[in-house]
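FYI, it's all coordinate maths here, none of it is from the lab. Just so it is clear, the model here is predicted, and its values are computed rather than measured. A quick note on method: Cβ atoms are made from the backbone with ideal geometry, for glycine too, and the neighbour counts reach across all protein chains shown.
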Amino acid sequence: MNGAEAPAVPKWREFLRSPALSPQGFVVRAAVLAAVFAVLHVAGLREYTSFISGTPVAGRPITWWTLLPGTAYMAAYFAFVVLVPVQLLAAALWWGAARLARRAAPGGTESGP
């Protein structure tokens, strides 16, 4: 170790920096969306979505400050319910198609990611 070697990048950092349009990128974005939804859900922002029916939150009047958390929770919820499954399915299909293409290619090997 003469100091000229570049430090090794941890595998998880390499995974997080994967291109957006790749199976790994889809999985990373799905995980981020799921994590954002989980944080908002654990923080208790679900009760702020009652503005949809016109019901105030715990006796507070409906104001901008009660609409903002409710809207953020709804956006995260819809992203979790709609986008996360689509991204995971797309990643699985893309990964499977790439694996089949490698196997079908002349001289293709099964090894690799």
*Taking only the alpha-carbon positions of the stretch 42-109 and ignoring solvent, what does the Debye formula give for the base-10 log of I(q)/I(0) at q = 0.23, 0.26, 0.27 Å⁻¹?*
-0.92, -1.03, -1.07
*Which peptide among 94-105, 68-79 comes first, and what is the full order, when sorted by highest mean count of other Cβ atoms within 10 Å?*
68-79, 94-105
